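The values are calculated or read from the model by the stated rules, or taken from the named source; none is laboratory data. None of the values given here were measured: they were computed from a predicted structure. So basically every Cβ, Gly included, is an ideal-geometry build from the backbone, and we count neighbours across all protein chains shown.
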Amino acid sequence: MNIGLAASRSLRQGARSQLVRLVRRHRTFLRGARIHAVGGTFDVLVRDGLLKGHRALYRLPRGFEGGLMSMVAQVVEREADLALDLVIYLIDPNDPTSVFPEAQALKRQCVVHGKPFLSTFAGADEWLALCAGRSLHPDLYSKQTVALVAHDRHKRAMVAFARKHFALLSRFHARVATGTTGGLLNAMARKRGVCEWVLPMLSGPLGGDAQIARLLLEGRCDRVIFFEDPHVARQHEADIQLLERAARVAGERAICINDPATAQRWAASAARGARPSAA
């Protein structure tokens with residue numbers, strides 16, 4: 001497995017930084033992968049001996065030297081042995097470089113190619129635990145609220161996803177969704193004899209994304225499953241960025257999944273407590 005690894009400066013400095021805690025927690029699994037780390041992140045791994053002796057640790061240029069640009073090229077690489085299988089980019093929402101074109105392109109190409117793009121500590125922590133075959137706490141989801149969001153082209157896919165993984169999603173304490181998606185999901189649930197399965201917010205362009213962002217910031221939502229369409233211009237792009245930024249502000253506990261393929265892999269592995277299947 002090829003893993004792209006990067007972290008904002010503030011999230012890689014110090015013994016209790018998110019990067020250091022993540023690598024220490026999953027050191028055994030990461031030693032079995034090929035790690036392609038952007039310069040500053042690579043330097044921390046080497047300086048602190050976090051993966052000492054690991055021969056499959058590769059240094060990309062620093063961010064300002066094109067490190068993230070190189071990572072984008074590896075995401076879309078056609079040769080399987082060279083292509084990145086997932087990207088962990090721990091983003092400080094106050095880091096201005098996170099909105100640079102290369103950072104935006106990195107997430108977009110992960111979405112286009114159905115590869116996990118993990119930008120919060122909680123998301124990376126859970127994904128690596130599942131990859132390693134670790135069992136999650138049996139009551140984890142019963143204490144969480146999940147938000148289900150889908151752009152127009154993916155609304156049918158979201159309904160199909162929810163139908164297929166109805167039992168898993170029903171284990172959550174609560175479910176919320178943006179307006180139109182919520183209506184479609186409730187219609188699907190009614191056919192199963194369940195009323196008001198999700199709490200609909202406003203439509204995304206009318207403020208639904210902002211409502212979910214508020215829930216994230218207030219600790220009343222823990223996970224966003226967002227079927228994003230990377231191929232269309234979005235007039236409410238600022239609302240989408242607001243939602244993602246809120247997840248990163250709450251990154252110690254909040255998780256954001258951005259594409260159908262990654263969501264399917266998460267749901268299948270979470271339901272059986274096994275390693276996510278290959279892309």
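Structural remarks
- Hey, A73 among the small types (G, A, S) and in contact (Cβ under 8 Å) with a residue 40 or more places away in the chain or not: no
- In summary, R272 fulfils each of the numbered conditions (1) free of Cβ contacts under 8 Å to residues at least 12 places away in the same chain; (2) under 15 Å from A147 (Cα atoms) with the single exception of condition (2).
- So R156, is it in contact with a helix residue (DSSP H, G or I) (Cβ under 6 Å, 6 or more places away or on another chain), surrounded by fewer than 22 Cβ atoms within 10 Å (Cβ to Cβ), of a type outside the set (S, T, Y) and in a helix (DSSP H, G or I): no
Residue-wise test of (1) in contact (Cβ under 8 Å) with a residue 12 or more places away in the chain; (2) more than 27 Å from L90 (Cα to Cα); (3) not basic (K, R).
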{"residue": "R175", "(1), (2), (3)": "yes, no, no"}
{"residue": "L185", "(1), (2), (3)": "yes, yes, yes"}
{"residue": "G208", "(1), (2), (3)": "yes, no, yes"}
{"residue": "D222", "(1), (2), (3)": "yes, no, yes"}
{"residue": "A238", "(1), (2), (3)": "no, no, yes"}
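- Set side by side, the residues L217, L243, L169 differ, and just one is of a type outside the set (G, A, S) and farther than 18 Å from S119 by Cβ, which is L169.
- Verdict on V20 being surrounded by fewer than 20 Cβ atoms within 10 Å (Cβ to Cβ) and touching an Asp or Glu at 6+ places or on another chain (Cβ under 7 Å): yes
- Within the range 85-111, the set of residues being among the aliphatic types (A, V, I, L, M) and either closer than 25 Å to R253 by Cβ or part of a loop (DSSP other than H, G, I, E, B) (or both) comprises L86, V87, I88, L90, I91, V99, A103, L106, V111.
- Members of the range 231-270 that are of a type in the set (D, E, K, R), in a helix (DSSP H, G or I) and within 13 Å of the chain's Cα centre (by Cα): E244, R245, R248, R265
- Flag: G182 does not match the condition of being crowded, with 20+ Cβ neighbours inside 10 Å and at pLDDT below 95.
- Candidate set: the range 185-201, residues that are crowded, with 16+ Cβ neighbours inside 10 Å and among the aliphatic types (A, V, I, L, M); chosen: the one nearest to K115 (Cα to Cα): L185
- Filtered residues of the range 112-127 (kept if touching a Phe, Trp or Tyr at 6+ places or on another chain (Cβ under 7 Å) and either assigned to a loop (DSSP other than H, G, I, E, B) or modelled with pLDDT under 95 (or both)): P116, S119
- Qualifying position, being surrounded by fewer than 17 Cβ atoms within 10 Å (Cβ to Cβ) and of a type in the set (A, V, I, L, M), among L118, L82: L82
- Failed item, numbered, when M71 is tested on (1) buried (at least 20 other Cβ atoms within 10 Å of the Cβ); (2) in contact with a His (Cβ under 8 Å, 6 or more places away or on another chain); (3) closer than 18 Å to R12 by Cα: (3)
- Only one entry in R163, R223, R153 is charged (D, E, K, R), more than 15 Å from the chain's Cα centre (by Cα) and modelled with pLDDT of 95 or more, namely R163.
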